[in-house]
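Trainee: First the structure, which I've put down as structure tokens, then a few questions once you've had a look.
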Amino acid sequence: MNLLHIGVAIACHNRREKTRACLDALHEAAARVRASTALQIVVTDDASTDGTAAMIRERFPGVEIIEGCGQLFWAGGMRLAYGRLLERAFDHYLWLNDDTLLFPDALETLLATHRAMLEATGREGIVVGSTCDDSGKVTYGGLRRRTGRLGALGFERVIPATQPQPCDTHNGNVVLVSAQAAAALGNLDAGFRHGMADMDYGLRAVEDGVPVWVAPGFTGRCIIDHTVAGSFKDTSLPLARRWRLLTSPKGLPFAAWWLMCRRHAGLLWPIHFAWPYVSTMLARHGKRDPDARNA
């Protein structure tokens, strides 16, 4: 039997215990497919000061580490790791967030989904794994556009079912990219430093005719750790603070948001581009809503 070769890309920064748990879970999932699959893992450690790189070298000696400058953020770190893997020949590439714990059958599910969809459609593509929180609620995975005149960049999470489902784009937590899809799409766009790079990739895939499917069930556990509290949407913060958060790499920095809107928001893209900045400026400063949910 010919082995399937999978290159795994991970980016990390100062989350040693989460990174360790992620790699432990990945190795457990890999053990389930060891007879048919070989993994090569590349981790970009973005100048962690908590001993993450040393932990990886000691506990996972087979993992290749790229050392970052400390200012890469998620997209920059993933671009380096994924780019290193794209230089080599793999059958698939797996994106994995270091705060995601794969379930033991995750790789089996992702690969089986790709095989089934290839047989059904004759097209190689991207398979997205869904993650859940401790209550079983979906947290990350496939995304579909919301309907409506001004909903071009409004998305809702796809609830995983018992069969594969198409989606419009995806989060980057668990993503299996086939070699053919990777050749068509290349790396994450350098115009994105942190967020939006994963969604841009999925949107470009669908626009280029590369199918994107959501795998059945859940493939891992990941908690949503960004909330309204402390974000640019938190109206209890002073406007100056909210503006800095909005335009920071982890918010909606001008250049990246312009690229996202110009590329994917259609003819009304200038409205979509301006709206977060205008609404932040106009938002009334006051007490934060105690019932505010995740951003």
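Coordinate-derived values only; no laboratory data. Quick caveat: nothing in here was measured; it's all calculated off a predicted structure. Counting neighbours? That spans all protein chains shown, and the Cβs are built from the backbone with ideal geometry, glycine included.
Trainee: In whole Hz, with x marking every Gly and Pro, tabulate ³J(HN,Hα) for segment 51-58 from phi via Karplus 6.51 cos²θ - 1.76 cosθ + 1.60, θ = phi - 60°.
Mentor: x, 4, 4, 5, 4, 4, 4, 7
Trainee: When the chain is treated as a GNM, springs tying every alpha-carbon pair under 10 Å, which of Gly62, Gly217, Gly76 comes out with the largest mean-square fluctuation?
Mentor: The residue that fluctuates most here is Gly62.
Trainee: Charges only on Cβ, +1 for Lys and Arg, -1 for Asp and Glu: so what's the dipole of the chain about the Cα centre, in debye to the nearest 20?
Mentor: Working: 33 positive and 30 negative charges, 214 e Å.
Dipole of the chain, to the nearest 20 debye: 1020 debye.
Trainee: How much length would be gained if the chain were fully extended between Arg123 and Ala283, taking 0.36 nm per residue of separation minus their Cα-Cα distance, in nm to one decimal? Mind showing how you got there, number by number?
Mentor: Numbers: separation 160, 0.36 × 160 = 57.60 nm, distance 4.66 nm.
Additional length available on full extension: 52.9 nm.
Trainee: While we're looking at this one, here's another question. Pop the C-beta distance of Glu17 and Asn187 into the FRET formula with R0 = 35 Å and round what comes out to the nearest 0.05.
Mentor: Working: r = 29 Å, r/R0 = 0.83.
The pair Glu17/Asn187 has a calculated efficiency of 0.75.
Trainee: Related question: Restricting to bridges with both residues inside the chain, how much of the DSSP beta-bridge set is antiparallel, in percent to the nearest 5?
Mentor: Antiparallel bridges make up about 45 percent of those DSSP assigns within the chain.
Trainee: Enter the Cα centre distance for the pair segment 246-288 and segment 193-229, rounded to the nearest angstrom.
Mentor: Centre-to-centre (Cα) distance: 19 Å.
Trainee: Could you work out how far the C-alpha centroid of segment 19-94 sits from that of segment 106-167, in angstrom?
Mentor: 23 Å
Trainee: Along the charge dipole of segment 19-142, which of Ile126, Ala21, Met55 sits closest to the positive end, that is, farthest toward it, with unit charges on the beta carbon of Lys, Arg, Asp and Glu (+1, +1, -1, -1)?
Mentor: Positive-end residue among those listed: Ile126.
Trainee: May I ask for the net charge around Thr37, where only other residues with Cβ less than 10 Å from the Cβ of Thr37 are counted and Lys, Arg are +1 while Asp, Glu are -1?
Mentor: Net charge in that neighbourhood comes out at 0.
Trainee: Please arrange Cys132, Cys22, Cys69 by how many other C-beta atoms lie within 10 Å of their C-beta, fewest to most. Each step should come with its number before you reach the end.
Mentor: On the way: Cys132 20, Cys22 23, Cys69 8.
Arranged by neighbour count, lowest to highest, Cys132, Cys22, Cys69 become Cys69, Cys132, Cys22.
Trainee: Positive end of the charge dipole of the chain (Lys, Arg +1 and Asp, Glu -1 on Cβ, about the Cα centre): tell me which of Gly7, Val210, Ala112 has its Cα farthest that way.
Mentor: Of the listed residues, the answer is Val210.
Trainee: Can you sort Thr109, Thr227 so the residue with the fewest Cβ neighbours within 10 Å comes first? Each step should come with its number before you reach the end.
Mentor: Values: Thr109 22, Thr227 13.
Sorted ascending by nearby Cβ count, the order is Thr227, Thr109.
Trainee: For Ile41, what residues show an amide H to amide H distance below 5 Å, using hydrogens built from the backbone and excluding near sequence neighbours?
Mentor: Excluding prolines and chain starts, which carry no amide H, the hits are Val8, Glu64.
Trainee: Taking springs between alpha-carbon atoms closer than 10 angstrom, which of Gly230, Gly251, Gly68 fluctuates most in the Gaussian network model of the chain?
Mentor: Of Gly230, Gly251, Gly68, the Gaussian network model singles out Gly230 as fluctuating most.
Trainee: Once you place label points 7 Å from the Cα toward the Cβ at Asp24 and Glu58, how far apart are they in nm?
Mentor: Rounded to a tenth, the inter-label distance reads 1.5 nm.
Trainee: If the chain between Asp133 and Arg88 were fully stretched, how many nm would it gain, using 0.36 nm times the residue separation less the Cα-Cα distance?
Mentor: That works out to 12.8 nm of additional length.
Trainee: Cut-off 16 Å, label point 7 angstrom out along Cα-to-Cβ of Asp105: give me the residues of segment 130-171 whose amide nitrogen falls inside.
Mentor: From segment 130-171, the list is 130-132, 160-164.
Trainee: Within a Cβ distance under 13 Å of Trp269, other residues only, what is the Lys/Arg minus Asp/Glu net charge?
Mentor: Computed value for this residue: +2.
Trainee: A further question on this structure: Could you please rank Lys18, Lys250, placing first whichever residue has the fewest other Cβ atoms within 10 Å of its Cβ? It would help to have the intermediate numbers written out before the result.
Mentor: Details: Lys18 18, Lys250 15.
Ranking Lys18, Lys250 by Cβ neighbours within 10 Å, fewest first, gives Lys250, Lys18.
Trainee: For Ala179, put the label point 7 Å out on the Cα→Cβ axis and report which residues of segment 16-39 keep their amide N under 13 Å from it.
Mentor: 38
Trainee: Anyone know which of His226, His272, His194 comes out most mobile in the 10 Å Cα GNM of the chain?
Mentor: His226
Trainee: Related question: What percent antiparallel are the DSSP beta bridges of segment 81-237, to the nearest 5?
Mentor: 75 percent
Trainee: Which net charge results for the neighbourhood of Leu246, defined as the other residues with beta-carbon distances under 12 angstrom from its beta-carbon, given Lys and Arg at +1 and Asp and Glu at -1?
Mentor: +4
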